[in-house]
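All remarks here apply to the structure that follows.
The values are calculated or read from the model by the stated rules, or taken from the named source; none is laboratory data. This structure is a prediction, so every number in the text was calculated from the model and none was measured. A quick note on method: Cβ atoms are made from the backbone with ideal geometry, for glycine too, and the neighbour counts reach across all protein chains shown.
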Amino acid sequence: MRALQLVGDKDLKIVDLPEPEAPAPGEARVRIATVALNHIDVWGWRGMAFAKRKMPLVIGAEASGTVEAIGPGVSQVLPGQLVSIYGARTCGLCKACREGRDNLCEHVSGVHGFHLDGFAQEYVNLPARLLVPAPPGCDGVGAALAPVTFGTVEHMLFDNAKLQPGETILVHAGGSGIGSVAIQLAKAHGCTVITTVGSDDKIEKAKALGADHVINYRTDRFEGVTRKITKKKGVDVVFEHVGKDTFAGSMLCMKRGGRLVTCGSTSGVSTDVNLMMLFQQQLKLMGSFGCRMENMADAMQKIARGIARPVIDTEVTMDEIEVALKRMEGRQVFGKVILKMSEA
Ligand SMILES: [Zn+2]
């Protein structure tokens, strides 16, 4: 079977790998149809340079596919079902896993596409409990985006930041995969949404997703504009994932008692935090990573009901991967780059 393997930095190759055996007890065999690409697939964890990657490595951290066969004892999924795939290999036995909070697993053996081979291969065998069936109305692209792009945002906004209707939120990088989802989910929740973009041509696209205010961070200081928009009060919630370049400014954007939730550090992992501001303003800083199983199901329901839609920049086949990489490298992307593995 064909697979897309990272053999060195920015060096992806199409390779031929043996197909997996028949699924073992508790496992299902999935025919991968759709993979959504992330920066991790191309460059590794940018801003997480301390982590060395295993190479060669099949890429693909988020994907969906069709169940082809199930092993003995599997009842969660049926052959023929479209499923979304949880991105980490969690134990299923610890307290966190039993409560459906797999992203807090005490014995996680790795993240697919990073520590473990990912999903850019035609077939994969996986524990059936890590597969979430897609509801009617959610297609393969929606299911592929449920674990990382939508699930991460669901977990950040609603589990961690506990975003409330009527609140104001600043979403960094509204043109990114997670930014485009955060704008939509926050708007659908009844919030006022301020977002940043890196070029003027992305302003209208961000507004079309529901952003009330869009700031070009290359021409304006986002913290100044945000304070102006909120009449110097600041926002209730900041949605962070940029890191070093924006963190100090994000601290200045919050109102007293405001919450900052972050899931990334693409511009750098370390930053100074003004501790006096932290306690005097009673700010809450929260880290978020991955999602709960239920976040994936919730995300797919929202996609099925048209509450939020996947924002797709480009769709490519494995043979056209260079096109996708060039777009991602040039930062022209608005939304996600999708890799179609098969027509299923
Ligand atoms: Zn566990």
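Quick grid of which residues meet (1) in a loop (DSSP other than H, G, I, E, B); (2) in the same structural domain as Pro23 (by TED's automatic domain parsing); (3) among the aliphatic types (A, V, I, L, M); (4) over 19 Å from Glu294 (Cβ atoms):
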residue	(1), (2), (3), (4)
Gly60	yes, yes, no, yes
Thr66	no, yes, no, yes
Ser75	yes, yes, no, no
Pro79	yes, yes, no, yes
Gly92	yes, yes, no, no
Ala96	no, yes, yes, no
Gly100	yes, yes, no, no
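Let me confirm something: among Met156, Met254, which residue is surrounded by 24 or more Cβ atoms within 10 Å (Cβ to Cβ), among the hydrophobic types (A, V, I, L, M, F, W, C) and more than 30 Å from Ala143 (Cβ to Cβ)?
Working: Met156 fails: more than 30 Å from Ala143 (Cβ to Cβ).
Exactly one of Met156, Met254 is surrounded by 24 or more Cβ atoms within 10 Å (Cβ to Cβ), among the hydrophobic types (A, V, I, L, M, F, W, C) and more than 30 Å from Ala143 (Cβ to Cβ), namely Met254.
Is it true that some residue in region 116-137 is within 16 Å of the ligand (Cβ to nearest atom) and basic (Lys, Arg)?
Within region 116-137, one or more residues are within 16 Å of the ligand (Cβ to nearest atom) and basic (Lys, Arg).
So Val124 ticks every box in (1) closer than 25 Å to Gly335 by Cβ; (2) over 15 Å from the mean Cα position of the chain (by Cα) but one. Which box is left unticked?
(1)
Scan region 102-114 residue by residue and report those that are within 16 Å of the ligand (Cβ to nearest atom), within 17 Å of the chain's Cα centre (by Cα) and at pLDDT below 95. Even if it seems obvious, please write down each step before you answer.
Within region 102-114, the first condition is being within 16 Å of the ligand (Cβ to nearest atom), and the residues that meet it are 102-112.
Add one more test, that the residue is within 17 Å of the chain's Cα centre (by Cα), and what stays is 102-104, 110-112.
Gly110, Val111, His112 - these are the residues of region 102-114 that are within 16 Å of the ligand (Cβ to nearest atom), within 17 Å of the chain's Cα centre (by Cα) and at pLDDT below 95.
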